[in-house]
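The values are calculated or read from the model by the stated rules, or taken from the named source; none is laboratory data. As the structure is a computational prediction, the values presented were derived from the model and not from experiment. Cβ coordinates were reconstructed from backbone atoms using ideal geometry, including for glycine residues, and neighbour counts include every protein chain displayed. Heavy atoms of the whole protein, side chains included, go into the accessibility calculation; ligands, DNA and RNA do not. Shrake-Rupley method; radii C 1.70, N 1.55, O 1.52, S 1.80 Å.
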Amino acid sequence: GYHLFVFGGWNGKKALNDLYILDTTTGVWTCPETSGQFPACRNNHTTAVASRKIYVNGGHDGTKWLADLYALDTQSLIWTKINANGTPPSARACHTMSKLGRKLYLFGGYDGTKCFNDVDILDLDSMSWIQPVVEGVVPMARNAHTMNVIGGKLILFGGHSGNKHLKDLHMFD
């Protein structure tokens, strides 16, 4: 069967760092014990799944914007703080991180002052951050957008520019 993992969020009063797992076969939720280096409480973070790990980046802890990166091994339930090589993306929330091949593509977000439209790539084999030179029409800076993987491309839709809702569609090859 499959499992749905829910980590952190906001309960209306404070940021959380709890983990719940839904067994989709039985319909039963559990709140298991985890170990290792736990991420701080956060909401509006982004996640991506690669192999048996869930990667968690950034978000907001109720006071400050976060730039850290953690991985949860979904079998051992052990958290690891990832200190990747290269230049990591700056602190932000409401961004996306999408797995394509052996890379995680991070886009957009908001840091309390501005929105972003940079692309940061985490190479999972070398555990290095890469800032690629991109061509074409770069989407305007935004947060709260969607990014989906279709074939070998990333499809970006909508979001918010900081002062208006967006409904544009972009493809990143």
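Tabulated data
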{"read-out": "Single condition Ile21 does not satisfy, out of (1) touching a Pro at 6+ places or on another chain (Cβ under 8 Å); (2) closer than 29 Å to Gly112 by Cα", "value": "(2)"}
{"read-out": "One residue from Val138, Val133 being free of Cβ contacts under 8 Å to residues at least 12 places away in the same chain and more than 18 Å from Tyr55 (Cα to Cα)", "value": "Val133"}
{"read-out": "Members of region 6-21 found to be touching a strand residue (DSSP E or B) at 6+ places or on another chain (Cβ under 8 Å) and among the small types (Gly, Ala, Ser), listed by number", "value": "Gly8, Gly9, Ala15"}
{"read-out": "Leu106 aliphatic (A, V, I, L, M), under 20 Å from Val56 (Cβ atoms), open to solvent by less than 30 Å² (accessible area, probe 1.4 Å) and in contact (Cβ under 8 Å) with a residue 60 or more places away in the chain", "value": "yes"}
{"read-out": "Residue check, Trp79 at pLDDT 95 or above, within 20 Å of Gln37 (Cα to Cα), more than 12 Å from the chain's Cα centre (by Cα) and open to solvent by less than 20 Å² (accessible area, probe 1.4 Å)", "value": "yes"}
{"read-out": "Selection from region 1-49 of residues that are within 17 Å of Ile82 (Cβ to Cβ), surrounded by fewer than 16 Cβ atoms within 10 Å (Cβ to Cβ) and among the aliphatic types (A, V, I, L, M)", "value": "Ala40, Val49"}
{"read-out": "Flag for Val138 being among the aliphatic types (A, V, I, L, M), open to solvent by 60 Å² or more (accessible area, probe 1.4 Å) and either part of a strand (DSSP E or B) or under 18 Å from Arg102 (Cβ atoms) (or both)", "value": "no"}
